[in-house]
Amino acid sequence: MDMITRFAPSPTGLLHLGHAWSAVQTFEAARRQGGRVLLRMEDIDTERCRPEFDAAILEDMTWLGLEWDGPVRRQSEHFDAYAGVLNHLEEAGLVYPCFCTRKQIIAEVTAAGSAPHGPLGLIYPGTCRALSPGERSERIDAGENHAWRLDWAEAARRTGPLTWHDQTRGTITADPAIAGDVVLARKDTPASYHVAVTHDDHLQGVTLVTRGEDLFEATHVHRLLQAVMGWDVPDYHHHGLLAGPDGKRFAKRDKSVTLASYREAGLSPVDVIAMAQDLAEAS
Ligand code: GLU
């Protein structure tokens, strides 16, 4: 089987040193294993993603000398495919419409005396899961705003226990309960990150997912989706996140550490990669 990994930035800002480090590790893994690297723009959030950031990412990657294989995939061009996934899950009875506002959800969990927060945020108390099919269609037909949530417990009941292989941490038992009934689609964003990323990794034959450890917990949800959709399960490498000398992680809002700013200041790609390597060794 061909080794395929991918670099999948979201064009919501300029790339910073942390991204460069992530990209370098992705390309290194492919080089070591004689594989290929795909470049995927995760631009489903059409409010925050901008074509100029997409163009800037291509420029930065080229400047760094990181040559990806094949055409760039842009998720915003594939909303139909993600809607198809949602339809499939709906027909299988694994998603349900949720009409709660965030305010209502917070009020509900507060009234219940607990605000269960998982690593992916507030865990939905399941209010709309109990609605009857009649009530659901009535409210949808009346044009009520709604999101689609995964019934994780039903999905997990059908799949049984699941594991995935993480290259640094070994065999991990999937624990989708940490995320609860996550949102898989909304009116303004017809696909969630969870759906788009797992769909594309399968479609593109990705055998190794290389990404930051801030996304480690999301893999619990991804593994469940892969199982209910019958998708292939890649290997995972969740790498450590790069922090600056002050110990703080790089973020898109830190304009001073964008690759573009280093380039303008006259640094070479070799200097920038060496700087990332030094910081990674120090953190
Ligand atoms: N698009 C995500 C990000 O920029 C990465 C997703 C992934 O690698 O799975 O943080």
(request) Might you check whether a residue that is under 17 Å from the mean Cα position of the chain (by Cα), touching a residue at least 60 places away in the same chain (Cβ under 8 Å) and closer than 19 Å to Cys98 by Cα occurs anywhere in region 141-160? (result) yes
(request) Filter region 158-179 down to residues that are more than 16 Å from the ligand (Cβ to nearest atom) and among the hydroxyl-bearing types (Ser, Thr, Tyr) and give me whichever is surrounded by the fewest Cβ atoms within 10 Å (Cβ to Cβ). (result) Thr171
(message) Which condition from (1) free of Cβ contacts under 8 Å to residues at least 60 places away in the same chain; (2) in contact with a helix residue (DSSP H, G or I) (Cβ under 9 Å, 6 or more places away or on another chain) is the one that Asp214 breaks?
(response) (2)
(message) Suppose we filter Thr198, Thr219, Thr210, Thr189 for residues that are more than 12 Å from the ligand (Cβ to nearest atom) and among the β-branched types (Val, Ile, Thr); which single one remains?
(response) Thr189
(request) Out of the residues in region 180-193 that are surrounded by fewer than 21 Cβ atoms within 10 Å (Cβ to Cβ) and in contact with a His (Cβ under 9 Å, 6 or more places away or on another chain), state the one that is nearest to Thr26 (Cα to Cα). (result) Val183
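Are there strands (runs of 3 or more DSSP E) fully within region 2-107 with at least 3 residues that are within 30 Å of Gly126 (Cβ to Cβ) and more than 11 Å from the ligand (Cβ to nearest atom)? List them. Reasoning before the result, please.
Details: elements: 4-7, 36-41, 95-98.
Result: 95-98.
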(request) Taking only region 192-244 into account, find how many residues are modelled with pLDDT under 95 and under 22 Å from Gly93 (Cα atoms). (result) 1
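Does Leu89 meet the test of being crowded, with 16+ Cβ neighbours inside 10 Å, at pLDDT 95 or above, aliphatic (A, V, I, L, M) and farther than 30 Å from Glu28 by Cα? Steps first, please.
On the way: crowded, with 16+ Cβ neighbours inside 10 Å: yes; at pLDDT 95 or above: yes; aliphatic (A, V, I, L, M): yes; farther than 30 Å from Glu28 by Cα: yes.
Yes.
Can you tell me how many residues within region 209-227 are in a helix (DSSP H, G or I), surrounded by fewer than 18 Cβ atoms within 10 Å (Cβ to Cβ) and out of contact with any strand residue (DSSP E or B) (no Cβ under 7 Å at 6 or more places or on another chain)?
As a first pass, look at region 209-227 and keep what is in a helix (DSSP H, G or I): 213-215, 218-227.
Adding the requirement that they be surrounded by fewer than 18 Cβ atoms within 10 Å (Cβ to Cβ) leaves 213-215.
Still in the list and also out of contact with any strand residue (DSSP E or B) (no Cβ under 7 Å at 6 or more places or on another chain): 214.
Selection size over region 209-227: 1.
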(request) Search region 102-124 for residues that are free of Cβ contacts under 8 Å to residues at least 60 places away in the same chain and pair each with any residue that is basic (Lys, Arg) when their beta-carbon atoms are under 9 Å apart and the residues are at least 6 apart or on different chains. (result) Leu122/Arg102; Tyr124/Arg149
(request) Of the numbered conditions (1) closer than 29 Å to Ala243 by Cα; (2) buried (at least 18 other Cβ atoms within 10 Å of the Cβ); (3) within 16 Å of the ligand (Cβ to nearest atom), Pro119 fails exactly one; give the number of that condition. (result) (2)
(message) Can you tell me which condition His237 does not meet? The list is (1) more than 16 Å from the chain's Cα centre (by Cα); (2) part of a strand (DSSP E or B), and all the others hold.
(response) (1)
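The values are calculated or read from the model by the stated rules, or taken from the named source; none is laboratory data. Everything numeric in this text was worked out from a predicted model, so none of it was measured. Heads up, the Cβs are rebuilt from the backbone with ideal geometry, glycines too, and the neighbour counts pull from every protein chain shown.
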